[in-house]
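Taking it in order: structure first as structure tokens, then the write-up.
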Amino acid sequence: MTLAEERAARSSPNHGDRRDGLRPDLVVLHFTAMATAELALDRLCDPVAEVSAHWLIARDGEVHSLVPEERRAWHAGAGSWCGQGDINSRSIGIELDNDGRSPFSEPLMSALEDLLPGVMARHGIGPGGVIGHSDMAPGRKVDPGGRFDWLRLVRRDLALWPDVDILSIKEEGPCDIGELDSLLTEIGYPGDAPHEDRLAAFRLRARPFFTGAADATDLARARAVLARLAEA
């Protein structure tokens, strides 16, 4: 068996039954935060680590199926989205071979664009159901991070936001924190997470690398995101 065949044949033992009859209605995107895909494969397939994902995409574009999609992979951990917990039972997890600091490679992004439509079709998941790990676990997780090209997925109808119109919104003035927090909850962010963590998670997608107190631009972009979700 060649090295490529050996890698392709690997699978993870870290999975179980989906609980309470739940079925996937989300796709959760992660970065591996490791130096190589080989190291990530070792960890995701290690029973001691007790972590896994359904898919791993290497930076050279090679796609690895690690857990059958009907099974509950252990990728999301604590968190919620749209008021619903047990994300592992409700989702398909995709790990992306990226160290958390570098741009995502072109072969990886192309492979993700090829993989996602089939995953979404098999489970009836719409673009609004494709989220980042940081979205459902603000303050605890930051992946896939500010360098991930969400707009590229939006253009292929594989995610809902941010899009070019939302990213172009720039407004000045005070921010109604109460309204912003209500909008973030309606979008899906966990209502029990601190305001600062929810804002940081939202900005990873709608305003990458921007820091500081919430302002009118955050509020305007949150309104725009919610409007797009309502249209879907």
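The values are calculated or read from the model by the stated rules, or taken from the named source; none is laboratory data. Computed from a predicted model, the values in this text were never measured in an experiment. When we count neighbours, we look across all protein chains shown, and the Cβ atoms used for this are built from the backbone with ideal geometry, even at glycine. All accessible areas refer to the heavy atoms of the entire protein, side chains included, with ligands and DNA or RNA removed. Shrake-Rupley method; radii C 1.70, N 1.55, O 1.52, S 1.80 Å.
Rounded to whole Å, the principal axis extents of the Cα atoms in segment 1-107 read 40, 31, 23, largest first. When peptides 114-125, 35-46, 129-140 are ranked by their average number of other Cβ atoms within 10 Å per residue, the highest-first order is 129-140, 35-46, 114-125. Spatial offset of segment 168-185 relative to segment 125-152 amounts to 20 Å, using the alpha carbon center of each. Surface listing: E231, E95 arranged by accessible area from highest to lowest gives E231, E95, probe 1.4 Å. Values of log10 I(q)/I(0) for the chain across q = 0.11, 0.14 Å⁻¹ run -0.53, -0.86, by the Debye formula with one identical scatterer at each alpha carbon and no solvent. Counting only Cβ charges, +1 for Lys and Arg and -1 for Asp and Glu, the dipole size of segment 79-232 around its Cα centre is about 240 debye.
About its Cα centre, segment 135-175 has a charge dipole of approximately 260 debye under the convention of +1 per Lys or Arg Cβ and -1 per Asp or Glu Cβ, with nothing else charged. Taking all protein chains into account, the per residue accessible area for the chain stands at 45 Å² (1.4 Å probe).
Surface composition of the chain: carbon plus sulfur atoms hold 52% of the accessible area, using a 1.4 angstrom probe and ignoring ligands, DNA and RNA.
Can you show me the helix-derived [θ] at 222 nm for the chain, built from DSSP H runs with n ≥ 4 at -39,500 (n - 2.57) apiece and divided by the number of residues, rounded to the nearest 500. Computed mean residue ellipticity for the chain: -10500 deg cm²/dmol. Based on Cα contacts under 8 Å between residues 6+ apart, the chain shows a relative contact order of 20 percent. Taken over segment 62-178, the ratio of Cα radius of gyration to 2.2 N^0.38 Å equals 1.15.
Note on the chain: dipole from Cβ charges, positive end direction compared against M120, L56, L29; the farthest Cα belongs to M120.
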